[in-house]
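Enquirer: One structure coming up, written as structure tokens, with questions to follow.
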Amino acid sequence: MDLAQRQRFFSTNLLAWYDVHKRDLPWRRNKNPYYIWISEIMLQQTRVDTVIPYWHRFIEKFPTIEALADAPEDEVLKAWEGLGYYSRARNLQSAVREVMETYGGIVPDTKPEISGLKGVGPYTAGAILSIAYNKPEPAVDGNVMRVLSRYFLIEEDIMKGSTRAYMESLIYQLIPEGRAGDFNQALMELGAMVCTPKSPHCLTCPVMEQCAGRLEGMEESLPVKTKAKPPRPEHRLAAVIAGTGERAGQFLIRRRPDTGLLARMWELPHVAAPEPGMAFAEGGEAAGEALRAGLAAEAGLDIQPLRWLMLAEHTFSHIHWNMGVYVCELAPGPDAAAAGAGDSGPPPGCAWVDAASWREYAFPNVFLRIVKEYLK
DNA sequence: AACTCGGGGGG
DNA sequence: CCCCCAGAGTT
């Protein structure tokens, strides 16, 4: 069997398998380009089971492109809370506003137009064009690269851009006439359900007979992929600043900067620990003093640590936080009034919240955990 | 091409 | 623990 026959075998059998075994996912129930778009952004680096409840809540809250374009950004971030990669949410809203202004509220159906939208890269452009509009464009994600690298025994490093380009050129040859959306989804479905990263389920695979990786006994060693650098450790000290007097029962939160890590999310005030060990000190005198001095210098907050609360560890893709958390109060005296203990409001960029109202703000997961522990 | 950007689930 | 996930933007 030559290459052209193996390619036909692949497309035909994969599509037949998909027609029988495809999952009933909420965004597959119709071809609404907006629904598809939301699902594809959420699914970037995120598993289907995680996305499903977020997708339902998001569509309920922002049913149309217009509704999302008109929503306050804070509400969009809140709907994204816990999903991660928060720039996806901000880019998405920027993009739907562009669709309202430039394309009359209709998701464009050409590659250059849709690729110009914020947050829509080569994968997402191909996914929306093929799934919503059935255009014969490739949508190459990690699943697709794994399946193709095994079936066609491609040993190039899938982290390289040239490998992705080769996979896309291959897809153009493989898409069956008139079934681009189903074919792309079938590839990803196979990668997610059968051709999994570890111990692929070859015995139930619809294309196993002609899979070069399987025939060579290499299904477990493909795809070839350079491994990521381990996250660098960071040691930090955080403060739950409890209100006193009129502010009893409240605590202070602040908004993160407009750019960078966790941009525009809310958090508890925290500073870098001068010594790594201070993050683990569990109430050490030096750690408490470092937290006091750090918040005074960086945030103009004059606080007094009262007790150690917890060690909060959190791993991002590239950073590992070790954060020692202290319950604090604003220090008494004239500075306290300036910092918001008196009639004046909270410091700039900060807000006083209580056990109920804090849930209205969007927090990264690590701070959700800390606040829940504090309120327990 | 390398780095930044979250969080969770499976083995 | 490690790997990986329906990736994109920035430099």
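The values are calculated or read from the model by the stated rules, or taken from the named source; none is laboratory data. None of the values given here were measured: they were computed from a predicted structure. With ideal geometry, Cβ positions are generated from the backbone for all residues, glycine too; neighbour counts draw on all protein chains shown.
Enquirer: Just for helices (runs of 4 or more DSSP H) wholly inside the range A:279-376: which have at least 2 residues that are at pLDDT 95 or above, in the same structural domain as A:Gly243 (by TED's automatic domain parsing) and surrounded by fewer than 17 Cβ atoms within 10 Å (Cβ to Cβ)? Spell out the reasoning first.
Expert: Values: elements: A:285-299, A:334-338, A:365-375.
In the range A:279-376, the matching helices (runs of 4 or more DSSP H) lie at A:285-299, A:365-375.
Enquirer: Among A:Glu81, A:Glu40, which is the only one that is within 16 Å of DNA strand B (Cβ to nearest atom), charged (D, E, K, R), within 16 Å of A:Ala132 (Cβ to Cβ) and assigned by TED's automatic domain parsing to the domain that holds A:Ala186?
Expert: When all the criteria are applied, what remains is A:Glu40.
Enquirer: Here's a follow-up. Can you tell me how many residues in the range A:271-299 are under 30 Å from the mean Cα position of the chain (by Cα) and not aliphatic (A, V, I, L, M)?
Expert: 3
Enquirer: A follow-up question, please. Would the range A:156-168 turn up any residue that is out of contact with any Ser or Thr (no Cβ under 6 Å at 6 or more places or on another chain), modelled with pLDDT of 95 or more and under 22 Å from A:Met1 (Cβ atoms)?
Expert: Within the range A:156-168, one or more residues are out of contact with any Ser or Thr (no Cβ under 6 Å at 6 or more places or on another chain), modelled with pLDDT of 95 or more and under 22 Å from A:Met1 (Cβ atoms).
Enquirer: Moving on. Can you find a residue that is surrounded by 18 or more Cβ atoms within 10 Å (Cβ to Cβ), away from DNA strand C (no atom under 16 Å from the Cβ), over 25 Å from the mean Cα position of the chain (by Cα) and assigned to a helix (DSSP H, G or I) anywhere in the range A:248-268?
Expert: no
Enquirer: Within the range A:236-283, count every residue that is in contact with a helix residue (DSSP H, G or I) (Cβ under 7 Å, 6 or more places away or on another chain) and without any contact (Cβ under 8 Å) to a residue 24 or more places away in the chain.
Expert: Number of matching residues: 1.
Enquirer: Which one is nearest to A:Ser11 (Cα to Cα) among residues in the range A:219-235 that are surrounded by 16 or more Cβ atoms within 10 Å (Cβ to Cβ) and out of contact with any helix residue (DSSP H, G or I) (no Cβ under 6 Å at 6 or more places or on another chain)?
Expert: A:Lys225
Enquirer: Could you tell me whether A:Leu83 is touching a residue at least 12 places away in the same chain (Cβ under 8 Å) and more than 23 Å from the chain's Cα centre (by Cα)?
Expert: In short, no.
Enquirer: Of everything in the range A:132-163, what is in contact (Cβ under 8 Å) with a residue 40 or more places away in the chain, out of contact with any Lys or Arg (no Cβ under 8 Å at 6 or more places or on another chain), among the aliphatic types (A, V, I, L, M) and within 13 Å of DNA strand C (Cβ to nearest atom)? Give them in sequence order.
Expert: A:Ala139, A:Val144, A:Val147
Enquirer: A:Asp74 is checked against (1) more than 16 Å from DNA strand C (Cβ to nearest atom); (2) out of contact with any Phe, Trp or Tyr (no Cβ under 9 Å at 6 or more places or on another chain); (3) among the acidic types (Asp, Glu) and fails just one. What number does that condition carry?
Expert: (2)
Enquirer: Then there's this: May I ask you to list the residues in the range A:119-148 that are hydroxyl-bearing (Ser, Thr, Tyr) and surrounded by fewer than 24 Cβ atoms within 10 Å (Cβ to Cβ)?
Expert: A:Tyr123, A:Thr124, A:Tyr133
Enquirer: So is A:Glu177 in a loop (DSSP other than H, G, I, E, B) and either surrounded by 16 or more Cβ atoms within 10 Å (Cβ to Cβ) or at pLDDT 95 or above (or both) or not?
Expert: In short, yes.
Enquirer: Filter the range A:194-208 for residues that are within 11 Å of DNA strand B (Cβ to nearest atom) and touching a residue at least 40 places away in the same chain (Cβ under 8 Å) and give the result.
Expert: Residues satisfying the conditions are A:Pro197, A:Pro200.
Enquirer: Assess whether A:Thr196 counts as being at pLDDT 95 or above, within 13 Å of DNA strand C (Cβ to nearest atom) and under 28 Å from A:Ile319 (Cα atoms).
Expert: yes
Enquirer: Let me ask something else. Identify all residues within the range A:32-48 that are under 14 Å from the mean Cα position of the chain (by Cα) and more than 9 Å from DNA strand C (Cβ to nearest atom); write none if there are none.
Expert: Going residue by residue through the range A:32-48, those that are under 14 Å from the mean Cα position of the chain (by Cα) are A:38-48.
Within the range A:32-48, A:Ile38 is the sole residue that qualifies.
Enquirer: Of A:Gly119, A:Gly126, which residue is at positive phi and modelled with pLDDT of 95 or more?
Expert: From the options A:Gly119, A:Gly126, the qualifying one is A:Gly119.
Enquirer: Kindly indicate the residue of the range A:135-170 that is assigned to a helix (DSSP H, G or I) and in contact with a Cys (Cβ under 9 Å, 6 or more places away or on another chain) and also nearest to A:Glu189 (Cα to Cα) among those meeting that condition. Can you show your working first?
Expert: Step one: list which residues in the range A:135-170 are assigned to a helix (DSSP H, G or I), which gives A:142-151, A:161-170.
Add one more test, that the residue is in contact with a Cys (Cβ under 9 Å, 6 or more places away or on another chain), and what stays is A:143, A:146-147, A:150-151.
Working: A:Asn143: 8, A:Arg146: 12, A:Val147: 10, A:Arg150: 15, A:Tyr151: 15 Å.
Per the stated criteria, the residue is A:Asn143.
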